[in-house]
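The values are calculated or read from the model by the stated rules, or taken from the named source; none is laboratory data. The structure displayed is predicted, hence computed values, not measured ones. We place every Cβ from the backbone using ideal geometry, glycine too, and count neighbours over all the protein chains shown.
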Amino acid sequence: MGLRWYHFALWAAFAAGMFLLPEIVPRGTLRTIIFANFLAIFAISWDTLSGRTGYVSFGHPFLIGIGAYTTAILTKRFDVPVEISIPLAVLMTMVGGLIVLLPALRIKGSYFALVTLAMMELMYQLVQVIRPDLTGGTRGMSGLPTLTRGAVNGFYMSTALMLSIAFTTWLLMKTRLGTALSAIGMNEEAVAGSGLSVTRLKLVAFTASAFTAGLGGAVYVHYLGSIAPRALFDINFVFTIIVAALIGGAGTTIGPILGAFFLTFLLEYLRPWLPGAERYLIYGGVALVLYMYQPKGLIYLMGQAVRRVRKGAA
Amino acid sequence: MALLEIDQLSAFYGKAQALYDVSLQVEEGSIIGVIGANGAGKSTLLDSVMGLTKTQGDIRLESASISGCKPGEIVRRGVGYAPERFNLFPYMSVRDNLLVGAYTARDDIARNLDMIHTLFPRLEEREGQETSTQSGGERQMVSLGRALMTSPRLLLVDEPTIGLAPKVCLEIADVLRRLQAEFGLTVVITEQNANFALTLAEQVHVLETGRIVASGTPAELTDDPRLAEAYFGH
């Protein structure tokens with residue numbers, strides 16, 4: 001629906017621009033972009049479920065964690081090659097997430113948010129106490145096989161993954177299915193009244209979101225080469241994902257990418273002055289002001305700017 | 001031949017009962033009005049036909065029971081629904097709102113869009129506009145259009161004139177008549193605006209606190225004291 005040649009041209013230009021970056025930016029910046037890419041993947045995953053359907057998840061690291069721990073355990077404890085462990089991790093995230101969280105999709109609003117938050121907390125506790133010989137307990141695991149070495153290769157890998165996920169999600173959202181998913185977030189009753197199965201649509205949104213979270217989580221641990229439960233199931237991590245999607249522009253594909261890059265660089269540039277968790281106060285303030293000024297996010301502000309320029313040129 | 005038969009229908013919201021043993025028939029190709037004051041159960045009646053509420057009793061479409069069917073199945077069998085106060089997707093364009101309705105009738109999209117653009121040329125002109133920025137009349141057109149995208153034979157319209165200017169009400173009435181005359185649709189409308197329903201419908205049922213208290217042609221009901229009682233309580 002509404003696919004035009006210039007959409008594909010813009011995607012191609014975006015990808016080309018990204019892949020040229022190693023030629024023009026320093027290695028340190030590339031490392032920051034790698035983290036922005038992964039945050040963008042997680043924010044897209046969150047947005048596919050929460051931004052579109054309005055079912056706000058506060059426990060997305062639960063899904064990311066299933067993917068990350070599955071591949072970490074398989075490679076570290078059972079010597080399964082990464083090429084096999086990552087697809088298995090994605091599958092496990094989709095199936096495990098469905099079993100645990102799908103019943104929660106029957107409840108709405110703050111109750112759904114609380115259930116997802118509880119699931120994240122539950123997983124945090126479980127990985128520490130159940131079979132620490134497998135999960136690494138409170139310390140997690142290190143020495144996991146890495147997919148790439150060096151900032152440039154890491155950048156190419158994370159960028160290719162982020163762009164592939166973003167483009168696929170964008171295409172999905174351009175279909176009638178994508179329109180119906182967005183419709184749920186705006187008016188679930190009207191979707192049902194139009195004869196669509198809301199349950200089936202929510203299942204699709206959840207599965208797509210879990211696929212992205214599982215894939216992102218699995219590749220992330222094989223970029224880092226380690227996994228630590230305290231970092232993965234940190235409430236600040238949840239908020240960073242949500243804020244990235246919201247200030248970038250929830251319910252869009254480019255919005256979460258913009259938000260992820262904005263937040264990652266903001267946090268990085270604040271580091272010299274505020275090395276501790278105080279940075280999150282600053283970004284919380286920035287996010288609040290941005291969100292109050294324009295709830296549709298940075299993507300909408302950019303759209304407005306483009307429209308103004310076009311108007312001025314005409 | 002009756003396209004829709006409602007037999008001894010009761011509807012519930014949790015423990016609260018909203019309809020009591022409602023029975024009525026809708027003949028194919030007719031326009032039927034259900035009128036009543038706020039809280040009479042008009043929207044509940046249409047929601048019940050669509051499978052959106054918990055019900056007892058039987059609802060039959062072309063003699064086949066649709067009681068207990070899911071809304072998707074009921075839409076596929078040929079019932080379209082334009083709910084009260086438009087119930088649109090506010091941040092979507094007119095076109096996307098219509099296409100959500102097309103989800104169950106994928107083969108007829110082009111034909112249905114043509115029909116909607118013939119009935120509402122304004123929607124074609126503004127197909128890219130977000131519905132949150134439209135007037136009440138335009139939103140009602142989108143709501144009717146979305147219901148028509150499901151390729152219905154029976155169209156249920158809940159309070160089509162609520163909050164609309166008299167001129168727009170006339171336009172809506174004209175469209176509903178054209179749907180009946182030119183496209184062969186059967187139409188059921190609910191209305192608080194008794195004059196609108198009595199002008200448009202061939203048969204009218206008066207609903208009061210969940211029960212049908214009077215039925216008849218507009219001519220029969222115009223001077224019926226039960227109509228005034230249903231609205232004014234005396």
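Inspect all residues belonging to region A:160-171 and state whether any of them is touching a Leu at 6+ places or on another chain (Cβ under 9 Å) and under 17 Å from A:R52 (Cβ atoms). Scanning region A:160-171 turns up at least one residue that is touching a Leu at 6+ places or on another chain (Cβ under 9 Å) and under 17 Å from A:R52 (Cβ atoms). Candidates A:G17, A:G28, A:G54: the one that is under 16 Å from A:L201 (Cα atoms) and either at pLDDT 90 or above or surrounded by fewer than 24 Cβ atoms within 10 Å (Cβ to Cβ) (or both) is A:G54.
For B:S67, the requirement of being in contact with a Gly (Cβ under 9 Å, 6 or more places away or on another chain), more than 8 Å from chain A (Cβ to nearest Cβ) and free of Cβ contacts under 8 Å to residues at least 40 places away in the same chain is met. Selection of region A:27-83 for residues being under 20 Å from A:P229 (Cα atoms) and of a type in the set (K, R) yields A:K76, A:R77. Within region A:61-80, one or more residues are polar (S, T, N, Q) and touching a Pro at 6+ places or on another chain (Cβ under 6 Å).
Applying the criterion of being part of a loop (DSSP other than H, G, I, E, B) and more than 14 Å from chain B (Cβ to nearest Cβ) to the residues of region A:227-273, the residue that is surrounded by the fewest Cβ atoms within 10 Å (Cβ to Cβ) is A:P272. Residues of region A:191-208 that are in contact with a Ser or Thr (Cβ under 8 Å, 6 or more places away or on another chain) and at the interface with chain B (Cβ under 9 Å from one of its Cβ atoms): A:S194, A:G195, A:L196. Scanning region B:66-86 for residues that are under 21 Å from B:L98 (Cβ atoms), over 10 Å from the mean Cα position of the chain (by Cα) and not hydrophobic (A, V, I, L, M, F, W, C) returns B:P71, B:G72, B:R76, B:R77, B:G78, B:R85.
Using the structure shown, decide if A:A40 is small (G, A, S) and either in contact (Cβ under 8 Å) with a residue 12 or more places away in the chain or not in a helix (DSSP H, G or I) (or both). Taking the combined requirement at face value, the residue satisfies it. Any chance region A:281-289 includes a residue that's touching a residue at least 40 places away in the same chain (Cβ under 8 Å) and in contact with a Ser or Thr (Cβ under 6 Å, 6 or more places away or on another chain)? So far as region A:281-289 goes, no, none of its residues is touching a residue at least 40 places away in the same chain (Cβ under 8 Å) and in contact with a Ser or Thr (Cβ under 6 Å, 6 or more places away or on another chain).
When the helices (runs of 4 or more DSSP H) confined to region A:149-199 are screened for residues that are in contact (Cβ under 8 Å) with a residue 60 or more places away in the chain, among the acidic types (D, E) and farther than 27 Å from A:I33 by Cα, those reaching at least 1 such residues are found at A:188-193. One residue is enough: does region B:37-54 have a residue meeting the conditions more than 14 Å from chain A (Cβ to nearest Cβ), over 14 Å from the mean Cα position of the chain (by Cα) and surrounded by 22 or more Cβ atoms within 10 Å (Cβ to Cβ)? Yes, region B:37-54 has at least one match.
The condition (being buried (at least 21 other Cβ atoms within 10 Å of the Cβ), among the hydrophobic types (A, V, I, L, M, F, W, C) and more than 14 Å from chain B (Cβ to nearest Cβ)) is satisfied by just one residue among A:M157, A:M141: A:M141. The residue of region B:97-141 that is farthest from B:G184 (Cα to Cα), among those that are more than 11 Å from every other protein chain (Cβ to nearest Cβ) and aliphatic (A, V, I, L, M), is B:L123.
With the structure loaded, tell me whether B:Y91 is over 20 Å from the mean Cα position of the chain (by Cα) and within 11 Å of chain A (Cβ to nearest Cβ) or whether it fails that test. Answer is yes for this residue. The numbered conditions (1) of a type outside the set (A, V, I, L, M, F, W, C); (2) at negative phi; (3) buried (at least 18 other Cβ atoms within 10 Å of the Cβ); (4) free of Cβ contacts under 8 Å to residues at least 12 places away in the same chain are all true for A:T212 except (4).
Of the helices (runs of 4 or more DSSP H) entirely within region B:76-179, those holding at least 3 residues that are surrounded by 22 or more Cβ atoms within 10 Å (Cβ to Cβ) and touching a helix residue (DSSP H, G or I) at 6+ places or on another chain (Cβ under 7 Å) occupy B:94-101, B:136-148.
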